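The values are calculated or read from the model by the stated rules, or taken from the named source; none is laboratory data. All of these numbers come straight from a predicted model, not from anything done at the bench. A quick note on method: Cβ atoms are made from the backbone with ideal geometry, for glycine too, and the neighbour counts reach across all protein chains shown.
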Amino acid sequence: MTAILATPAPAVAGQMPPAPRDHLLSPATHAALRVQNAIVTASREYLVAHGYMELLPPAIGPVTDPGCRGAKQVDVDYYGHKYKLMTSVILYKQTSLLAFDKIFYLAPNVRLEPLETASTGRHLVEFHQLDVEAAGASREEMTGLCQGLLRHVVRHVVRQSAAELAALGRDPGAFTALLRDDFERISHRDAVAMLRDLGHRQSTDAEIDWQGEKLISEQNDRPFFILDYPKGSRGFTDAESRAEPGTLRNFDLIAPDGFGELCSGSERTHEYPRLIERMRETGENPAKYAWYLDVARAGLPASAGFGLGVERVTRYLAGLGSVWQATAYPKLPGRRTARAVRRLPPRPPPPARPRCRQGRQGRQMPGPRRERRRPRPRRADRGGYRCRGRVGQPRRVPVPRAADAGQRAGQVPRGPART
């Protein structure tokens, strides 16, 4: 294992990333990326052991996840068709279940997050998710899988990356409650009541906002689940409860100590008529999802799944101040690196190219171009043509030969003799 030279100073939320070279040379970056490598290795190990098949994710597609919480999507020109960069592979996870019952992706995502998220310490424009989906699974099975996965990852990191955690100043004792006790499960309604008791004005009909998410995260010593978000707070892919109409069968996993959301998941809407209804309820145009609806019309299996943010889990386990420390090439909403853009002097105009003249052998030779002279009229006594008219629109009229001297002298030619 490579030794780490010095204990790096932790970043604080809202701090800008350094220049790329400084970031890549930082001991903190080296330690965080080694922890991240251990997280990915342990995640694959756990999911494969539980019968999941890893697939390579798509990077672009005709549509992507519609429920991006205020983030904008990026369009690309795909041979004259408008495609999207993936904000989430949730639709592709569902359709992939036609091939395999249990699948997962390590998927890159691009979201143009709102500018106000640049200072939360929890948002990136480009990030990765561990996306998991299983046919016939319920929400309870997915929360159990998520809890077991995170515990396995923490044990692996504590065992294999002890030097990196020490260099980052992260005490492994912070994970004692996580490894000992089951994760608490509270409803969205109870979470809203808790936030209001803490003096935070949280809406009962919307997702937990970023400030509320941080506040409620600080009240716990281990991760916990928030269940049963209200209908209208999430996209059409989250299934509505049949027992409690108006409530979604979804969940979020919140890390303790102010680190916030790590994971989001749900049971899926999969019946074709219900998908059309949910799309219209959320303001989506069903025609935009033609390929997905064609698959759903033929039949999609019932399923449930979740997406676990790789950089966010790295931040939590490594105890980092900002999520940009958990990626080699951070991209914050609306920001570049802290290094000022170097102003270059204006580029001089290109030198004038010499004009060319035609050579004898038909080749172009450098040199000044001769001006085109107006052709002179031929002498009348030699016959030919004389130019009459405007320049550029010459009128060419025949000129008589020298034999017609009388006409040249202005004499009227004699006509044929009368009889």
TODO: Report yes if some residue within the range 49-60 is modelled with pLDDT of 95 or more, out of contact with any strand residue (DSSP E or B) (no Cβ under 8 Å at 6 or more places or on another chain) and either under 22 Å from A328 (Cβ atoms) or not in a loop (DSSP other than H, G, I, E, B) (or both); otherwise report no.
DONE: yes
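When only residues in the range 97-123 that are among the polar types (S, T, N, Q) and surrounded by fewer than 21 Cβ atoms within 10 Å (Cβ to Cβ) count, which is farthest from L308 (Cα to Cα)?
Restricting attention to the range 97-123, the residues satisfying the condition of being among the polar types (S, T, N, Q) are 109, 117, 119-120.
Of the ones still in play, those that are also surrounded by fewer than 21 Cβ atoms within 10 Å (Cβ to Cβ) are 117, 119-120.
Values: T117: 19, S119: 21, T120: 18 Å.
Among those that are among the polar types (S, T, N, Q) and surrounded by fewer than 21 Cβ atoms within 10 Å (Cβ to Cβ), it is S119.
Run down L262, L275 and say which single residue is in a strand (DSSP E or B) and among the hydrophobic types (A, V, I, L, M, F, W, C).
Within the list L262, L275, the selection yields L262.
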Task: E284 more than 15 Å from Q94 (Cα to Cα) and either aliphatic (A, V, I, L, M) or in a loop (DSSP other than H, G, I, E, B) (or both) - done: yes
TODO: Please work out which one of (1) basic (K, R); (2) within 25 Å of H270 (Cα to Cα); (3) touching a helix residue (DSSP H, G or I) at 6+ places or on another chain (Cβ under 6 Å) is the condition R139 fails and give its number.
DONE: (3)
Open item on the list: Can you go through L145, L149, L168, L179 and tell me which one is over 30 Å from L97 (Cβ atoms) and within 30 Å of the chain's Cα centre (by Cα)?
Closed with: L168
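Each row is one residue, and each column tells you yes or no for (1) under 29 Å from L332 (Cβ atoms); (2) touching a residue at least 60 places away in the same chain (Cβ under 8 Å); (3) of a type in the set (G, A, S).
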| site | (1), (2), (3) |
| --- | --- |
| A118 | yes, yes, yes |
| G121 | yes, yes, yes |
| E126 | yes, yes, no |
| T143 | no, yes, no |
| P172 | no, no, no |
Open item on the list: What's the number of the only condition in (1) at pLDDT 95 or above; (2) in contact with a strand residue (DSSP E or B) (Cβ under 8 Å, 6 or more places away or on another chain) that L98 fails to meet?
Closed with: (2)
Task: Members of the range 208-233 found to be aliphatic (A, V, I, L, M) and part of a strand (DSSP E or B), listed by number - done: I226, L227
Open item on the list: Going residue by residue through the range 241-259, is there one that turns out to be touching a Phe, Trp or Tyr at 6+ places or on another chain (Cβ under 7 Å), in a loop (DSSP other than H, G, I, E, B) and closer than 30 Å to D171 by Cβ?
Closed with: yes
